[in-house]
Amino acid sequence: MIILAIESSCDETAVAIVRDKTDVLSTVVSSQIDVHSKYGGVVPEIASRMHIENITVVLEEALKRANISIQAVDAIAVTQGPGLVGCLHVGVQAAKTLAWYYQKPLIPVHHLAGHIYANALVDEIEYPLLALVVSGGHTELVYLSKEYDFKVLGSTQDDAIGEAFDKVARVVGLPYPGGVAIDKLSKEGKPRYKLPTVKTDNPLDFSFSGIKSAVLQLRDRENKAGRELVIPDLAYAFQHNVIEQLISKVKLAIDLYHPKHVVLAGGVAANSYLRQRMKEEFINRDDIKLTIPPLSCCTDNATMIAIAGNIAYMHGITADLSIGADPGMDIC
Ligand code: KG4
Ligand code: ZN
């Protein structure tokens with residue numbers, strides 16, 4: 001089975017052609033990061049316009065690299081949501097057009113299902129599965145008792161963790177994407193500043209806006225006192241705070257749900273301290289298989305949508321041409 005998948009939920013226009021679940025014939029990602037970094041974050045209107053400009057070029061390039069004609073493709077998968085509506089719309093319209101014109105089945109895919117199943121590229125997925133999905137738009141603990149059966153155990157009550165990294169970076173003058181800058185600087189940082197621990201009603205939920213405010217207050221306090229804010233130390237304090245929050249919730253979810261396999265997913269999975277702490281906590285446990293995907297699988301791409309799309313198709317999930325982009329799509 002050959003699937004052509006399209007991903008356009010945020011600032012990457014991506015197309016992949018994947019055979020039999022994980023045999024990647026081609027994967028092309030056109031990133032807009034250079035354009036958005038000037039504004040300190042993704043500008044939705046610019047992102048959707050750039051998807052329109054890029055989509056056919058990326059599509060042609062993916063077919064060229066796979067060295068196949070579109071007639072040889074068995075189905076078209078697409079990220080239906082969640083994400084930025086104008087961005088999703090471009091991918092969904094392209095997928096619907098291809099499905100209609102070439103008479104191929106259309107498979108709608110949830111963006112997080114893609115992030116989770118990106119791990120299938122490096123490891124066999126076992127169930128029950130616990131996924132920690134952390135990105136610029138998501139912070140979720142997702143439990144799968146069996147294949148393609150998703151239950152959200154906890155999610156953020158306010159900002160996504162990547163968003164918090166990006167906002168904190170911006171207020172202290174670091175470049176976008178803030179996660180990369182904070183991760184790098186925190187390696188030179190020392191434990192000088194203390195930031196508060198946040199409590200949530202559901203212990204498996206997350207919250208990051210309080211820490212963001214605490215960083216702002218700390219910056220203003222230091223300014224008022226005439227002291228220079230030591231940015232590497234702040235990066236260290238922030239990174240340790242939010243990553244330890246993730247680790248404690250993963251531990252709790254493991255205690256409550258006893259998964260056999262734990263996977264990391266999403267752009268923030270690139271964070272070096274998160275990767276280190278996940279290994280320290282879980283790699284030597286006999287009852288758990290831990291997969292920490294390579295960075296190339298963590299950021300947005302269409303390979304992950306093709307893999308999830310293939311599994312979805314096996315479960316009989318297809319859509320007709322009446323579907324539209326679903327920016328608030330639920331995974332279950
Ligand atoms: O998954 P992704 O590429 O796009 C979304 O779907 O959001 O994630 C992008 C996010 C950004 O917020 C970026 O700051 C964050 O991932 N990020 C990191 C690191 N690298 C990227 N956050 C923390 N540490 C990193 N090393
Ligand atoms: Zn993503």
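The values are calculated or read from the model by the stated rules, or taken from the named source; none is laboratory data. Quick caveat: nothing in here was measured; it's all calculated off a predicted structure. Cβ sites come from the backbone with ideal geometry, for glycine too, and all protein chains shown count toward neighbours. The protein model used for the area step is the full one, side chains on, heavy atoms only, and it has no ligands, DNA or RNA in it. Shrake-Rupley method; radii C 1.70, N 1.55, O 1.52, S 1.80 Å.
The single condition among (1) in a loop (DSSP other than H, G, I, E, B); (2) closer than 24 Å to Leu264 by Cβ; (3) open to solvent by 50 Å² or more (accessible area, probe 1.4 Å) that Gly189 does not meet is (3).
The criterion of at least 3 residues that are in the same structural domain as Ile307 (by TED's automatic domain parsing) and over 13 Å from Gly114 (Cβ atoms) is met, among strands (runs of 3 or more DSSP E) falling completely within segment 1-40, by 12-19, 23-31. Return the only residue of Val109, Val85, Val133 being under 30 Å from Gly179 (Cα atoms), among the hydrophobic types (A, V, I, L, M, F, W, C), assigned by TED's automatic domain parsing to the domain that holds Leu246 and within 16 Å of ligand 2 (Cβ to nearest atom). Every option except Val133 fails the conditions. For segment 288-306, residues that are surrounded by fewer than 18 Cβ atoms within 10 Å (Cβ to Cβ) and at pLDDT below 95 total 3. The criterion of being in the same structural domain as Glu140 (by TED's automatic domain parsing), touching a residue at least 60 places away in the same chain (Cβ under 8 Å) and closer than 25 Å to Ser37 by Cα holds for Gly179. Within segment 272-294, residues that are under 16 Å from Asp183 (Cα atoms) have Cβ atoms under 8 Å from residues that are open to solvent by 50 Å² or more (accessible area, probe 1.4 Å) in these pairs: Ser272/Lys187; Arg277/Glu244, counting only partners at least 6 apart in sequence or on another chain.
The residues of segment 10-38 that are of a type outside the set (Val, Ile, Thr) and open to solvent by 50 Å² or more (accessible area, probe 1.4 Å), listed by number, are Arg19, Asp20, Lys21, Asp23, Ser31, Asp34, Lys38.
Results for (1) more than 25 Å from Gln245 (Cβ to Cβ); (2) surrounded by fewer than 18 Cβ atoms within 10 Å (Cβ to Cβ); (3) outside the structural domain of Ser30 (by TED's automatic domain parsing); (4) at pLDDT below 95, shown as yes or no for each residue.
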| site | (1), (2), (3), (4) |
| --- | --- |
| Leu264 | no, no, yes, no |
| Leu274 | no, no, yes, no |
| Arg277 | no, yes, yes, no |
| Ala308 | yes, no, no, no |
| Ile323 | yes, yes, yes, no |
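Restricting attention to segment 204-216, does a residue exist that is assigned to a loop (DSSP other than H, G, I, E, B), more than 25 Å from His261 (Cβ to Cβ) and within 16 Å of ligand 1 (Cβ to nearest atom)? Yes. All of Val57, Val73, Val43, Val142 fail the test of being within 16 Å of ligand 2 (Cβ to nearest atom) and of a type outside the set (Gly, Ala, Ser), apart from Val142. Inside segment 174-185, residues that are more than 9 Å from ligand 1 (Cβ to nearest atom) and either modelled with pLDDT of 95 or more or open to solvent by 100 Å² or more (accessible area, probe 1.4 Å) (or both) make up a count of 1.
Filtering segment 39-53 for residues that are more than 16 Å from ligand 1 (Cβ to nearest atom) and surrounded by 23 or more Cβ atoms within 10 Å (Cβ to Cβ) leaves an empty set. The set of residues in segment 218-238 that are part of a helix (DSSP H, G or I) and touching a residue at least 40 places away in the same chain (Cβ under 8 Å) comprises Arg219, Ile231, Pro232, Asp233, Leu234, Ala235, Tyr236, Ala237, Phe238. Can you find a residue in segment 93-108 that is modelled with pLDDT of 95 or more and under 19 Å from the mean Cα position of the chain (by Cα)? Within segment 93-108, one or more residues are modelled with pLDDT of 95 or more and under 19 Å from the mean Cα position of the chain (by Cα).
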